[in-house]
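In what follows, a single structure is set out as C-alpha cells and then discussed.
The values are calculated or read from the model by the stated rules, or taken from the named source; none is laboratory data. In this text, all values refer to a predicted model and were calculated from it rather than measured experimentally. Here the Cβ is made from the backbone with ideal geometry for all residues, glycine too, and neighbour counts use every protein chain on show.
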Amino acid sequence: MTDQVDRSQDTDTCRKLIRLGFARSNRVRLYGLEVELISDPFPLREGGIGVEVVETNAVSSRTLRLPLPVLQVAGKKPMKRSA
C-alpha cells in the first residue's frame, strides 16, 4: 500500500530556501563543513529536504539533509505589519 503525500508544502519551503541563499553554486556552512551546493533544495523520499553538496577539498558529491533550524526559518510566514 502506498500513501500519497502532499509535497506542496515541501515545494514552497524549497523555493523559500533558494531565496535565502541555499541555491545551486552557493557556498554555505552545514554541520560544521564548508560546502558548495551543486543542487537546489529538493524533498527527500524519506522526509525532510536535502541538497547535493561537494566539500571544499572533496572529489565526489553527496546528499545532505538540511538541519531543522534552517527548515524552520524557511517555513516561517512573514509578519504582517500593522498600520
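Please list, ordered by first then second residue, the pairs with beta carbon atoms under 6 Å, 6 or more apart or interchain, first in the range 15-29 and part of a helix (DSSP H, G or I), second at pLDDT 95 or above.
The qualifying pairs are LEU17/PRO41; ILE18/ASP40.
Can you tell me which residue among VAL28, VAL51 is touching a Gly at 6+ places or on another chain (Cβ under 8 Å), surrounded by 16 or more Cβ atoms within 10 Å (Cβ to Cβ) and at pLDDT 90 or above?
Exactly one residue qualifies, and that residue is VAL28.
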